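What follows is a set of notes on a single structure, which appears directly below.
The values are calculated or read from the model by the stated rules, or taken from the named source; none is laboratory data. Keep in mind that what you see is a predicted model, and the values were worked out from it rather than measured. Positions of Cβ are backbone-derived with ideal geometry, glycine not excepted, and every protein chain shown enters the neighbour counts.
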C-alpha cells in the first residue's frame, strides 16, 4: 500500500538576485521580517498582540512565541517574482534569529529564518502548486 504524504507549500516570491543564488545552490535560507503578516503565517504567540513593536520595530513578545511553523509547511516554493519560474525545496526548519547579511538578512534585528534543501525527488508541476 502506498503511503500518502501531506504536503503544504509556503509560497515566497523573490527578487532576481536572491532567486538566482537559490537556483545556483549558493543560498539555502530565506528571511522574512517579524511583522504581523509573517507572525500570523509562521508563528503562534501566547500574546494576541505579538506584532506590538518596541522602538526598533521588533516584536516585544518574541520570547513568548511558542510555536514556529504552526501551519505545518513542509516545502517552500521560491518563485522568480510572480512568474512561472520556480524552485520547490523541502523545509528543514523555521526559526527566529539573525540571518546572513550577504543573503539579504538585516544587520540589526532578528527575522524568521526558513532553512531548506533540494529533495531527491522534488515536487514539480503547476498542478501541485
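Computed quantities for the displayed model
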| item | result |
| --- | --- |
| Members of the stretch 3-14 found to be loosely packed, with under 13 Cβ neighbours inside 10 Å and within 13 Å of the chain's Cα centre (by Cα), listed by number | 8 |
| Sole residue being more than 17 Å from residue 79 (Cβ to Cβ) and at pLDDT 85 or above, chosen from 2, 29, 33 | 33 |
| Any chance residue 76 is out of contact with any strand residue (DSSP E or B) (no Cβ under 8 Å at 6 or more places or on another chain) and modelled with pLDDT of 90 or more | no |
| Matching residues, the stretch 20-32, being outside any helix (DSSP H, G or I), more than 10 Å from the chain's Cα centre (by Cα) and on the phi < 0 side of the Ramachandran plot | 24, 26, 27, 28 |
| Residue that is modelled with the lowest pLDDT, among those in the stretch 106-120 that are exposed (fewer than 12 other Cβ atoms within 10 Å of the Cβ) and within 23 Å of residue 71 (Cα to Cα) | 119 |
| Candidate set: the stretch 84-105, residues that are outside any strand (DSSP E or B) and touching a residue at least 12 places away in the same chain (Cβ under 8 Å); chosen: the one surrounded by the most Cβ atoms within 10 Å (Cβ to Cβ) | 99 |
| Any chance residue 17 is assigned to a loop (DSSP other than H, G, I, E, B), modelled with pLDDT of 60 or more and under 18 Å from the mean Cα position of the chain (by Cα) | no |
| In the stretch 69-83, the residues that are in contact (Cβ under 8 Å) with a residue 40 or more places away in the chain and surrounded by fewer than 16 Cβ atoms within 10 Å (Cβ to Cβ) | 71, 72, 74, 81, 82 |
| Residue within the stretch 38-61 that is part of a loop (DSSP other than H, G, I, E, B), in contact with a helix residue (DSSP H, G or I) (Cβ under 9 Å, 6 or more places away or on another chain) and either closer than 21 Å to residue 119 by Cα or at pLDDT 90 or above (or both) present | no |
